[in-house]
Amino acid sequence: MTTQSAPGKVILFGEHAAVYGRPAIAVPVTQVQATATVQDQPRGSGCFISAPDVNHAFRLADAPDQDPLAAIVYETLTHLGAPEPDVTITLRSTIPIASGMGSGAAVSTAIARALAEHLGRPLDADTLSALVFEVERLHHGTPSGIDNTVITRSQPVFFVKDRLVETFAVKSPLHLIIGDTGIPSSTKDVVGDVRAAREERLEHYDSLFRQIGQITVMARGAIVAGELYALGALMDGNHWLLYQLGVSSPEIERLVQAARQADALGAKLSGAGRGGNVIALVQQDTQEAAAEAMRQAGAKNVIATIVS
Ligand code: PMV
């Protein structure tokens, strides 16, 4: 029996602009995890996939068209040149779905990791990331690749599409509160809407993306230097640009305002927007107040995490 996990993630800076080649910063969230277990079955049983959390169970051979769990199994087997194994793959996940925490990429990562290891052929991070990216394309259409990159590496990344991944040191630990609006966010739809809006007002949108890129570069500097006040202000600035992109919502604004009023150093939406999560940078002693303020303002779920 082989078990492997992968963390969730949040984007700290640069979402949406990342689709257009600007940098983004994303960090793993280890408080939530996807876990895959691969267990041998008698010869001739074939591969069976079970995801009890979402009441989903099927034989690989009978998988629904474009099923993402089957897709990562096929990607992995094809990469390894291995035939369908006689195993059961069981998947569990505590990562909220459709909230911008990378649940899809984490599930794929856990499955590919566990299956490859079970077959005695563990995958390196780059290969794993490339396999997961192929499945991300099924969900998202034109993903930038940020989720598979940060989740397969499980460390903070400075990401630019189609470039080598850069990691960096975090000087002072970042205390983050992640508040879920409870509204599912379809990355594919929101990215599609932004694309359509950009076509109408190319210069305006490209200027917003450029400014987001500049903030992201400054944010990396602030993280490396441990300048948390500056980092919080940069989060607020990034949120304002996302608001102008049209990807905020009244529910998001309520959580952002609540966090700021509870002395968060900065707050912004994270991920595709319209729903999903708001992240707030807090100090250790104001952490609980910020979490409570976000709950009062309508957050359905609140996660505290430390990035170091
Ligand atoms: O909502 P998430 O975490 O899947 O993030 C989407 C981030 C975007 O920049 C909007 C899209 C992408 O593929 O980078």
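Cβ-Cβ contacts under 9 Å between residues 6 or more apart (or on different chains), taken from a first residue in segment 173-200 that is more than 20 Å from Arg137 (Cβ to Cβ) to a second residue that is of a type in the set (Phe, Trp, Tyr), are listed as Ala197/Tyr205; Arg198/Tyr20; Arg198/Tyr205; Arg198/Phe209; Glu199/Tyr205.
Can you tell me which residue is farthest from the ligand (Cβ to nearest atom) among those in segment 1-57 that are more than 25 Å from Gly276 (Cβ to Cβ) and of a type in the set (Gly, Ala, Ser)?
Initially, segment 1-57 is screened for residues more than 25 Å from Gly276 (Cβ to Cβ), giving 1-4, 37-50, 57.
From what is left, the residues that are of a type in the set (Gly, Ala, Ser) are 44-46, 50, 57.
Working: Gly44: 39, Ser45: 35, Gly46: 32, Ser50: 25, Ala57: 26 Å.
Selected residue: Gly44.
Scanning segment 2-36 for residues that are open to solvent by 10 Å² or more (accessible area, probe 1.4 Å) and out of contact with any helix residue (DSSP H, G or I) (no Cβ under 9 Å at 6 or more places or on another chain) yields a total of 2. Just one of the listed residues (Ala63, Ala70, Ala34, Ala51) is out of contact with any Gly (no Cβ under 7 Å at 6 or more places or on another chain), under 30 Å from Asn238 (Cα atoms) and among the aliphatic types (A, V, I, L, M), namely Ala34. Of all residues in segment 249-265, those being open to solvent by 20 Å² or more (accessible area, probe 1.4 Å) and in contact (Cβ under 8 Å) with a residue 24 or more places away in the chain number 7. Based on this model, can you work out whether Gln244 counts as over 21 Å from Val191 (Cα atoms) and surrounded by fewer than 23 Cβ atoms within 10 Å (Cβ to Cβ)? Here the answer is no, as Gln244 does not meet what is asked. Residue count for segment 272-286 satisfying the condition of being touching a helix residue (DSSP H, G or I) at 6+ places or on another chain (Cβ under 7 Å) and assigned to a strand (DSSP E or B): 4.
A residue that is modelled with pLDDT under 95, open to solvent by less than 30 Å² (accessible area, probe 1.4 Å) and out of contact with any helix residue (DSSP H, G or I) (no Cβ under 7 Å at 6 or more places or on another chain) cannot be found anywhere in segment 77-90. Taking (1) among the β-branched types (Val, Ile, Thr); (2) outside the structural domain of Gly226 (by TED's automatic domain parsing); (3) under 23 Å from Ala222 (Cα atoms) in turn, Thr152 satisfies each apart from (3).
Among the conditions (1) open to solvent by 10 Å² or more (accessible area, probe 1.4 Å); (2) at pLDDT below 95; (3) under 16 Å from Gly14 (Cβ atoms), the only one that Leu234 does not satisfy is (2). Would you mind stating whether Ala63 is touching a helix residue (DSSP H, G or I) at 6+ places or on another chain (Cβ under 8 Å), farther than 19 Å from Val10 by Cα and touching a residue at least 12 places away in the same chain (Cβ under 8 Å)? Criteria met by Ala63.
Reported count of residues in segment 148-183, each being open to solvent by less than 10 Å² (accessible area, probe 1.4 Å), away from the ligand (no atom under 11 Å from the Cβ) and aliphatic (A, V, I, L, M), is 5. The residues of segment 106-139 that are open to solvent by less than 10 Å² (accessible area, probe 1.4 Å) and within 27 Å of Asp40 (Cβ to Cβ), listed by number, are Ala106, Ser108, Thr109, Ala110, Ile111, Ala112, Ala114, Leu115, Ala116, Leu128, Val132, Val135. Within segment 271-287, being surrounded by 24 or more Cβ atoms within 10 Å (Cβ to Cβ) and more than 7 Å from the ligand (Cβ to nearest atom) holds for Gly273, Asn277, Val278, Ile279, Ala280, Leu281, Val282. Summed over segment 184-204, the residues that are more than 22 Å from Ile146 (Cα to Cα) and either open to solvent by 50 Å² or more (accessible area, probe 1.4 Å) or within 12 Å of the ligand (Cβ to nearest atom) (or both) give a count of 6.
The values are calculated or read from the model by the stated rules, or taken from the named source; none is laboratory data. Because the structure is predicted, anything quoted here is derived from the model rather than measured. Glycine also receives a Cβ, built like all others from the backbone with ideal geometry; neighbour counts cover every protein chain displayed. Accessible surface is based on the protein model in full, side chains and every heavy atom, while ligands, DNA and RNA are left aside. Shrake-Rupley method; radii C 1.70, N 1.55, O 1.52, S 1.80 Å.
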